[in-house]
Amino acid sequence: MPTWLVTGGAGFIGGNFVLDAVQRGVRIINLDVLTYAGNLDTLSPLEGNLNHLFVHGDIGDAALVEALLREHQPDAVVNFAAESHVDRSIDGPAAFVQTNVVGTLSLLEKARDYWKSLDAMRRDAFRFLHVSTDEVYGTLGETGKFTEETPFAPNSPYSASKAASDHLVRAFHHTYGLPVLTTNCSNNYGPYQFPEKLIPLIIAKALNGEPLPVYGDGLNVRDWLFVGDHCAAIRAVLDGGRIGETYNVGGDAERQNIVVVKTICKLLDERRPLADGRARESLITYVTDRPGHDRRYAIDASKLQGELGWAPTVTFEQGMAQTVDWYLGNQPWVRRVLDGSYRLERIGGAA
Ligand code: NAD
């Protein structure tokens with residue numbers, strides 16, 4: 001049974017990844033500092049499962065990371081831990097540099113020392129996989145897609161901090177030989193996403209019949225990747241990715257933000273019509289654009305598809321219907337996030 005040290009595994013993508021990996025028989029050591037984005041409710045299906053150990057701590061705590069690596073001898077480190085919300089990075093960039101850059105550097109140093117201490121066979125098999133974003137590439141015009149060769153041109157404090165971490169990961173391979181892999185993915189959506197991000201935010205507001213805020217003219221384009229497909233891509237890269245390489249991961253589903261919002265309105269109107277009979281599209285409200293808002297992202301994932309045979313399995317329409325159904329079926333999870341009670345858990349559950 002392999003053991004993986006996963007960081008940020010109480011967050012959206014990390015949580016989905018951990019739930020899936022444990023089910024597949026992987027032993028997971030889950031290190032998460034539980035910022036506002038960390039939610040132990042997400043991990044409640046694993047309660048009592050001996051193949052999941054939750055550790056409340058910071059990737060930047062070198063002594064803790066060293067002790068975890070020594071004690072649990074993982075075969076891989078998968079780094080999801082990050083400050084991840086662009087709007088928050090505009091209001092307060094320092095926390096993004098602290099976790100995404102300084103924290104990742106500390107994690108890399110401890111992983112390198114641990115990797116060096118392994119015997120030759122385990123050293124060959126070890127991997128450090130860093131999860132990053134397509135936002136490091138900046139913005140696109142009407143045409144073209146990001147490839148792994150696209151120069152970095154990050155435009156927000158968030159993407160700048162992720163770009164810095166990607167460079168550090170690359171440097172640890174070239175300088176010290178650490179067997180690293182990096183994935184740069186597009187916008188994820190699916191179960192357990194914190195309702196500050198576009199899709200769960202719009203679902204929560206639309207359900208309540210509240211105004212639906214859309215930045216600018218709503219025509220910014222993102223590629224949407226269903227989180228389950230993203231987790232499969234990470235497993236494929238861990239398994240067969242070439243050391244030192246980066247792999248783009250995309251859902252092949254470019255959509256304007258306004259189309260995403262209208263899709264949610266339609267799905268909810270079909271499932272839970274508003275009591276007064278209004279169509280939810282009437283709730284759409286255009287708001288002042290985010291400063292420096294990138295216009296378009298699009299991903300060329302042909303390297304991952306060609307080398308490792310990965311492809312998205314869920315279309316945008318299927319993924320959106322599944323996501324809306326998940327939020328409708330898991331309102332207690334949503335309510336506990338919205339009223340803040342999910343944070344109280346950590347006092348008893350994770351101290
Ligand atoms: P998230 O914000 O939902 O979760 C991040 C998790 O990391 C939280 O559980 C948080 O408590 C934890 N964390 C934060 N700082 C930490 C620290 N110093 N030490 C330990 N844990 C810490 O983020 P997400 O959406 O799940 O994203 C996961 C990763 O994927 C991030 O690295 C992000 O940059 C990347 N990514 C996300 C998306 C997306 O659409 N969500 C797209 C591309 C890339």
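Every read-out reported here was derived from the displayed coordinates using simple, explicitly stated rules and does not represent laboratory data. Just so you know, these numbers come straight off a predicted model, no measurement behind them. Backbone-built Cβ (ideal geometry, glycine too); neighbour counts: all protein chains shown.
In the range 78-102, the residue that is farthest from P2 (Cα to Cα) out of those that are more than 7 Å from the ligand (Cβ to nearest atom) and among the small types (G, A, S) is G92. Within the option set K266, K262, being without any contact (Cβ under 8 Å) to a residue 40 or more places away in the chain, among the charged types (D, E, K, R) and buried (at least 18 other Cβ atoms within 10 Å of the Cβ) holds for one residue only, K262.
Just to be sure before I move on: is L181 touching a helix residue (DSSP H, G or I) at 6+ places or on another chain (Cβ under 7 Å), surrounded by 19 or more Cβ atoms within 10 Å (Cβ to Cβ) and under 16 Å from L267 (Cα atoms) in the structure I sent? Considered against the rule, which asks whether it is touching a helix residue (DSSP H, G or I) at 6+ places or on another chain (Cβ under 7 Å), surrounded by 19 or more Cβ atoms within 10 Å (Cβ to Cβ) and under 16 Å from L267 (Cα atoms), L181 comes out as no. Just so you know, in the range 133-159 the residues that are buried (at least 21 other Cβ atoms within 10 Å of the Cβ) and in contact (Cβ under 8 Å) with a residue 60 or more places away in the chain include one that is farthest from V221 (Cα to Cα), and it is P157.
Scanning the range 279-319 for residues that are farther than 19 Å from A253 by Cβ and part of a strand (DSSP E or B) turns up I284, T285, Y286, V287.
Only a single criterion out of (1) within 12 Å of the ligand (Cβ to nearest atom); (2) more than 30 Å from Y189 (Cβ to Cβ); (3) touching a strand residue (DSSP E or B) at 6+ places or on another chain (Cβ under 8 Å); (4) not aliphatic (A, V, I, L, M) is not satisfied by W115, namely (1).
Whenever a residue of the range 184-212 is at positive phi, its partners that are buried (at least 19 other Cβ atoms within 10 Å of the Cβ) and in a loop (DSSP other than H, G, I, E, B), lying with C-beta atoms within less than 9 angstrom and at least six residues away or across chains, give the pairs G190/V314; Y192/G11; Y192/N39.
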